[in-house]
Each structure stands twice: as structure tokens, then as C-alpha cells.
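For reference, the structure discussed in these notes is given below.
Since every read-out is calculated from the coordinates, none of them should be taken as a lab result. In this text, all values refer to a predicted model and were calculated from it rather than measured experimentally. Quick reminder, even Gly has a Cβ in these numbers, built from the backbone with ideal geometry, and neighbours come from all protein chains shown.
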Amino acid sequence: MHMAQIIVVTSGKGGVGKTTSSAAIATGLALKGHKTVVVDFDIGLRNLDLIMGCERRVVYDFVNVINGEANLNQTLIKDKRTSNLYILPASQTRDKDALTKEGVGRVLDELRKEFEYIICDSPAGIETGAMMALYFADIAIVTTNPEVSSVRDSDRILGMLQSKSKRAEDGLEPVKEFLLLTRYSPTRVATGEMLSVADVEEILAIPLLGVIPESQAVLKASNSGIPVIVDQESDAGQAYSDSVARLLGEDVAMRFVTEEKKGFLKRIFGS
Ligand SMILES: Nc1ncnc2c1ncn2[C@@H]1O[C@H](COP(=O)(O)OP(=O)(O)OP(=O)(O)O)[C@@H](O)[C@H]1O
Ligand SMILES: [Mg+2]
């Protein structure tokens, strides 16, 4: 029997790249042959299905399943590009209390029977929705931008994982925490506008899963509804692939962490 893993992509601070990362990592795991579902916990916003490019296919959603108005079979959307990949879309209801611990637990238990990896895309903040997304997690990917406010809110989320998760409540082995540093710009680190990888690692003191560079490819991907990891020409796509490999236990060197030195021709002709 396989042991399903529940992975929450969380942050504290909003707009740091959780949904971008959830879509990329879920797709990356599926591309590696693992049956994966990505669940949108961001009730009312529904960003994930746009980034996955399946927004027109949404009929039922997470809250419908919790309320017994539809079953998972009717609700899960099969990704059109990647096999082994499914999306459980969020509801557009305004009722933020639609996600109950009992209901979420029931749905996740059912997903555990079918999937190897369950990726939970958390809403921002430390309110109910974010707590619901991290409560059942086995693994947490703490998405952080290299700036003080983001690091501070990530630290707050680490506290929540250690005290408010089900694993903490049950006295089990703690949630495995990983740092994913996103929107990283070595140039802006060099000028002192941003914290370095080492700075963030020192403050949060959790293992580094990856560093995703600030990249034009991310906006391009989200506009076309194709997770950026599919674009293996792009730096961000490659950085997400490396991160997925590390998540699976592979030993992969960090890339895109140092400033690209301009060569002679680039200096003369520009890039
Ligand atoms: N590596 C990157 N390079 C450039 N832009 C990025 C990168 N990662 C994310 N972004 C951009 O940052 C914005 C926020 O990303 P995203 O929606 O993934 O964040 P989020 O943490 O899910 O936000 P929210 O807290 O609102 O759910 C988007 O416009 C996205 O395109
Ligand atoms: Mg989001």
C-alpha cells in the first residue's frame, strides 16, 4: 500500500508565489510519474484553475464535495497536458467558513486512497483558510520572497505548523518543513535591495528546497494557463524542476543564485 503525502504550499504573506509554485510542483511530480492532485484552498479567489488553464471546465468544486452535492469523480478535473495530474478547484462562494476541519479531513482521506501526492495551495494569512490548508499536512513548502516582511510572516507560519497542525496535536513526527525562495534576483541581492539566500536560510533555519528566480516566464506562463515548469527553456521552469527533484530526495546543485557575469560580447552588444 502506498503512503500518500499531503504537501501544503504556504507562506503567511500574500502574493509571494504560492499558487505559481503549487501548479509547478504538482505538474513536476506528475511529470515524474507520480499520481498527483492539486487542491485550491483559496475560497472565493480561484486562481489555481487559471494558472492550470482549466477554468472553463470547472463545474463542481471543493465545497460541493464537502457538502455532498457532488462526488470527487464528478469534481476532479483531469489536466489536459500532463497525465497523472488532477485539479480540485476552489469554490467561488463568499462563505469563508465553508471549509470545515471535518469536511476537509474527509475529502483528503478519500484523496489519499487515489493519489501519491496531494498538493494544497494555501490562501494568504494565518486565518481559517490557511489553517485548514496546513492542518493535515505531512510536508510544508514555506514560500518566501527575499524581503523582511515575507520572511517574518514565514516565521509565523513555521510557528503555526509546529503548534496548530494535526501532527503537532497528535504528538506525531512534526510536519517536514522546506524553504522555497521565490522571485529571487541575484542582481538586487548584490545591490543590497534584497536578502540573500544565506540571510533567509539563517533566519528561518529550515532546509532549502529551491530558489526560483524572478522571471518573465512566470507571467507568460500564467497568461497562457500553462504551469511554468512545462517551459523547460525558462530559468524559472528549470529551477522548479530542480526543486521537485530535491523533494523526491535527489541531490541537485542550486542554480540561479549568483549574479550572471556579463561576458565580453554581452557587455558590448547588450543581452
Ligand atoms: N518567480 C517569479 N517571477 C516573476 N513573477 C512571479 C514569480 N513567482 C510569482 N510571480 C508573480 O507574483 C504574483 C503572485 O503570484 P501567486 O499568485 O503565485 O502568489 P500567491 O502567493 O499564490 O498569492 P496569494 O497570496 O494572493 O494567493 C503573480 O503575478 C505571479 O505571476
Ligand atoms: Mg494564491
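Grab the beta carbon distance between Asp97 and Asp251, set R0 = 51 Å, and tell me the FRET efficiency rounded to 0.05.
0.70
Which residues' amide hydrogens lie under 5 Å from the amide hydrogen of Leu208, considering only partners 5 or more residues apart or on another chain, with H built in the peptide plane?
Under 5 Å from the amide H of Leu208 lie the amide H atoms of Leu179, each far enough along the sequence or on another chain.
Going through the cross-link list Lys80/Lys164; Lys80/Lys220; Lys13/Lys166, which pairs have a Cα-Cα distance over 29 Å in this structure?
From the list (Lys80/Lys164; Lys80/Lys220; Lys13/Lys166), the Cα-Cα distance tops 29 Å for Lys80/Lys164.
Can you list residues from other chains, or at least 5 along the same chain, whose modelled amide H is less than 5 Å from the amide H of Phe41?
Those lying under 5 Å, H to H, from Phe41 are Asp121.
Of Met3, Ala30, Val197, which is farthest towards the positive pole of the chain's charge dipole, taken about the Cα centre with +1 and -1 on the beta-carbons of Lys, Arg and Asp, Glu respectively?
My answer, from the dipole projection, is Ala30.
Run down the aspartates and glutamates and flag those whose C-alpha is under 15 Å from the C-alpha of Lys35, throwing out any fewer than 8 positions away in its chain.
Cα-Cα hits under 15 Å: Asp79, Glu110, Glu114, Glu116.
If one takes the longest principal axis of the Cα atoms in the chain, at what angle in degrees, from 0 to 90 and to the nearest 10, does the Cα axis of helix 101-114 lie?
Helix 101-114 sits roughly 80 degrees off the main axis of the chain.
Take the alpha carbon atoms of segment 64-133, find their center, do the same for segment 209-224, and report the distance between the two centers in whole angstrom.
After rounding, the separation between the Cα centres reads 24 Å.
For Asn73 and Ala205, compute 0.36 nm times the residue count separating them, minus their Cα-Cα distance, and round to one decimal in nm.
That pair, Asn73 and Ala205, stretches by 43.5 nm at full extension.
Of the DSSP beta bridges with both residues in the chain, give the percent that are antiparallel, rounding to the nearest 5.
5
Run the dipole for the chain about the Cα centre, Lys and Arg Cβ at +1, Asp and Glu Cβ at -1, nothing else charged, and hand back the magnitude in debye, nearest 20.
In debye, rounded to 20, the chain gives about 600.
Charges at C-beta only: +1 for Lys and Arg, -1 for Asp and Glu. How large is the resulting dipole of segment 78-127 about its Cα centre, in Debye rounded to 20?
With only Lys, Arg, Asp and Glu charged at Cβ, the dipole is about 200 debye.
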